[in-house]
1. Per residue, how much accessible area does the protein assembly as shown have with a 1.4 Å probe, in Å²?
2. For the pair A and B, how large is the buried accessible area, both sides, in square angstrom to the nearest 100, if the probe is 1.4 Å?
3. Under 11 Å from a label point 7 Å along Cα→Cβ of B:Arg3: give me every residue in the range B:91-126 with its amide N that close.
4. Rounded to the nearest 10 Å², what accessible area does B:Met437 have for a 1.4 Å probe in the complete protein model?
5. In what sequence, largest accessible area first, do B:Lys411, B:Lys263 appear using a 1.4 Å probe?
6. Can you give the extra length, in nm with one decimal, that the chain gains between B:Gln485 and B:Glu71 once fully stretched, where that is 0.36 nm per residue apart less the Cα-Cα distance?
7. Report the local net charge at B:Ile59: Lys and Arg +1, Asp and Glu -1, summed over other residues whose C-beta lies under 13 Å from its C-beta.
8. B:His104 accessible area, nearest 10 Å², 1.4 Å probe?
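The values are calculated or read from the model by the stated rules, or taken from the named source; none is laboratory data. From a predicted model like this one, the values you see are computed outputs, not experimental measurements. Cβ placement follows ideal geometry from the backbone for every residue including glycine, while neighbour counts extend to all protein chains displayed. These area figures cover heavy atoms from the full protein model, side chains too; ligands, DNA and RNA do not enter into them. Shrake-Rupley method; radii C 1.70, N 1.55, O 1.52, S 1.80 Å.
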Amino acid sequence: MESRIVEHPILGEIENGRTVTFTCDGRELTGYEGEPIAAALKAAGLMVHRYTQKEHKPRGVFCAIGRCTDCVMVVDGKANVRTCVTPLKEGMVVQTQYGVGVEPFDRREEGENA
Amino acid sequence: MKRYDLIVVGAGPSGLSAAIEAAKRGLRTVVFDENEKPGGQLFKQIHKFFGSREHRAKIRGYVIGQQLLEEADSLGVEVRLNATVIGLYQDKEVVVKLADEVVHCKGDAIIIATGAAENMVTFEGWTLPGVIGAGAAQTMMNLHGIKPGQRVLMLGSGNVGLVVSFQLLQCGCEVVALVDAAPKIGGYGVHAAKIARTGVPFYLSHTIVRAEGDDCVTGVTIAKVDEHFQFIPGTEKKFEVDTICLAVGLSPMSQLLKMAGCKMEDNPRRGGQVPICDAYGRTSLAGVFVAGDVSGIEEASSAMIEGRMAGIAACEYLGFMEKEELAAQLASQERALDGLRQGMFAPQNRGRAVAETEEGIAVSASLLRHGYISDDEIERFPGITHRAGVHPVMECTQNIPCNPCQDACPKGCISIGANITSLPVVVESAECMNCGMCVASCSGQAIFLVEEDCGDDTATVTLPYEFLPLPAAGTKGDALGRSGQRVCEAEVVGVRSAKAFDKTNLLTIKVPKEYAMKARFFRSMHN
Ligand SMILES: Cc1cc2nc3c(=O)[nH]c(=O)nc-3n(C[C@H](O)[C@H](O)[C@H](O)COP(=O)(O)OP(=O)(O)OC[C@H]3O[C@@H](n4cnc5c(N)ncnc54)[C@H](O)[C@@H]3O)c2cc1C
Ligand code: SF4
Ligand code: SF4
Ligand code: FES
């Protein structure tokens, strides 16, 4: 379902930046330039931003103001980027963060066993 | 090292107000804030504020934020954004983390106005994506134009939980329940009532058992708790939701003060660890002042006054003002602050059960328990009277610091008197001209205009409406009662929107006359 508020009874029509294209785990998505990466991901219906190192538990946006670090992802190859306070730019490459990297745990184990 | 007369940490309502007062008197002032944009909590608040005219009542929070910023700007206050203060030392040295450098600055005086952080609660599944803080919900919907979820359960019935629930409804989310472990609603009754009448159920003495879902929230189970906050088996209720929103209190962000060696105290009335300070925000360290939520959780209106006082006190400390002048300048601020700290929700009444209003009227038990005043309780309040013709009905029944309704009426139909916490009273001798200003000005959306008998067995009720789509005249639907239950059929016979109403639309509905005192919300047939 649509997550973007098009018109708000108090704030009126929502002003947006220029539409930009970016990818998340290889999937091509669009968002508005300058909005938090997390906002664009939410609009695309994505909830899980990362899995924790030890217990492999999913995490998503929690505080939305850059304090809790639950929303960190790998952005343009850099891990631990707080997506709720990092502005979206054209061509960004966003990836789900597993522990501190981009390699899913199951694949990693397979690799180790092989 | 850069030097300033005054360094303010935090660009929320208190920090900006402090900087404004200091800059007015010639202090070289800088404000640091960790965010990309200034304003603190204010820009997320889209409702009309309480208080009286001197507190900028009935103006929406974000507009107050814009006004403060413009004032600070015109006075030449330097506001540094994306600037997190990570250290404060006794000699008034401040360590600031900017984008990719760490700088040290020194201030002859320092004002800490860092506000508060949200509290958390834990339950099974609380770390699942989809469990968010109320502040996060506000940030997403009011700053970034994103709905936090489609179906939301709110935990916490303090003013934050209530205000955010209403905002969720305004941006088109469904709020399936408002839940609180306490037996009574913590926030203002008027905030609760405007949610309840849209049909949101309140579950007091309930809390969350678990959040369901594997990768993200797909549901939530709540259960009733006994007086020791233990779950009562067999009382579980399950809701399908995609979002669980937590509004379980705020704690002062006082770490910097502790670091600097300020004398601190643990004060539950102020919300936790707070610096010991006097009425002007002077801490145990000479030249270090505090203002706003960091020195005790209150609200934005009092934060602004505290900020002004700390700013003025800092001027005196630095010799920009004589002692006698200080007292004179602070007197009016103190009076304004005192006005806000009265009534049932005043800091000194926190945690106390108030059974009667200042007027000696029994408070509505249903309002505290269910979020709405029951039909048999409503008549005992002085805002409710009956007469021929259109007249105001003020369902404002708790002593809160608020009086825009009194100022709004050009005909003098509404009286609160000198004490701004008194309940609004209908002035029987005045004649209402149906202008609607009282309905639109009421910060609590608690005023209705009622014509009890239009002569054809119908009545009209005019109510405040801040939702989309706005029904057009002629739309048919249901009238809902205070509880949000359908009471009868209704037709919209008038819609008024005016600049002076500041985005509160006035909907007039026609109902059978026996429902004149029951119909309080409208739902069109399509919803
Ligand atoms: C949902 C909600 C609804 C509310 N409704 C109302 C209402 O109707 N009426 C009302 O009067 N009040 C209301 N309030 C309360 C009001 O918002 C706060 O009391 C008020 O904002 C406190 O002001 P402040 O300046 O102390 O703190 P804040 O507004 O929190 O500002 C503090 C600022 O300091 C920054 N900061 C913190 N630490 C640092 C650091 N180390 N370095 C740099 N910057 C830092 C923060 O990021 C923030 O920008 C509401 C609050 C919430 C959460
Ligand atoms: S409608 Fe106008 S005249 Fe009537 S009570 Fe309200 S403000 Fe006064
Ligand atoms: S009726 Fe008056 S005092 Fe009560 S909430 Fe409305 S404006 Fe404030
Ligand atoms: S959600 Fe907390 S840091 Fe982004």
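1. 41
2. Summed over both sides, the interface buries about 2800 Å².
3. From the range B:91-126, the list is B:106-108.
4. In the full protein context, B:Met437 sits at about 40 Å².
5. B:Lys263, B:Lys411
6. Value of the extension gain: 144.4 nm.
7. Summing Lys and Arg as +1 and Asp and Glu as -1 gives +3.
8. Counting only protein heavy atoms, B:His104 exposes about 80 Å² to solvent.
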